[in-house]
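A.B. asks: I'd like to ask you about the structure that follows.
The values are calculated or read from the model by the stated rules, or taken from the named source; none is laboratory data. The structure presented is a predicted model; accordingly, all values stated were derived computationally and were not measured. When we count neighbours, we look across all protein chains shown, and the Cβ atoms used for this are built from the backbone with ideal geometry, even at glycine. Keep in mind that these areas ignore ligands, DNA and RNA; they rest on the heavy atoms of the full protein, side chains included. Shrake-Rupley method; radii C 1.70, N 1.55, O 1.52, S 1.80 Å.
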Amino acid sequence: MAACLEPVGAGSQTDCRGRHSDHNPPNMRIDVQFTDRVGIAHEILAVLARRKLNVAAVEVEPPHIFIDIPKLGANVLPSLRADCLQVADVHAV
């Protein structure tokens, strides 16, 4: 499964699914891939809340949840990925 961790900057951008936007997007969008079940989005977002990460937007399109996280540094990604993969039924980040 392919991961989508895409830093974005100010101005016109294309997100990891090819959509075009002219507003100022957040700094990072992560794609969490999962097997759909009741409560999984809540559990994934709880991982981010425990880390006190600011979530700017969430889009759920099973089997994906796309999460925009402003100012998420690349140095945090390995541990965030590991934490998200601890959630039952998450397959990739």
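A.B. asks: Apply the Karplus curve 6.51 cos²θ - 1.76 cosθ + 1.60, θ = phi - 60°, to the phi angles in region 27-40 and return the couplings in whole Hz, x for Gly and Pro.
C.D. replies: Listing the rounded values in order: 6, 8, 10, 10, 10, 9, 9, 8, 8, 5, 7, 5, x, 5 Hz.
A.B. asks: State the percentage of accessible surface on region 38-79 attributable to carbon and sulfur atoms; use a 1.4 Å probe and exclude ligands, DNA and RNA. Provide the component values of the computation, followed by the final result.
C.D. replies: Details: 1450 of 2430 Å².
Roughly 60 percent of what the probe reaches on region 38-79 is carbon or sulfur.
A.B. asks: Excluding residue 71 itself, what net charge comes from residues whose Cβ is under 13 Å from its Cβ, given Lys and Arg +1 and Asp and Glu -1? Don't jump to the answer; show the numbers that get you there.
C.D. replies: On the way: positive: 29, 51, 52; negative: 68.
So the surrounding residues net to +2.
A.B. asks: Still on this structure, please answer the following. Count charges around residue 86 for me, please; just the other residues with Cβ under 12 Å from its Cβ, Lys/Arg as +1, Asp/Glu as -1.
C.D. replies: Values: positive: 50, 81; negative: 43, 83, 89.
Around residue 86, the charge tally is -1.
A.B. asks: What list of ³J(HN,Hα) values in whole Hz, one per residue of region 60-77 in order, does the Karplus curve 6.51 cos²θ - 1.76 cosθ + 1.60 (θ = phi - 60°) give from phi, with Gly and Pro shown as x?
C.D. replies: Values, residue by residue: 9, 9, x, x, 10, 10, 9, 10, 8, 10, x, 6, 7, x, 4, 5, 8, 4 Hz.
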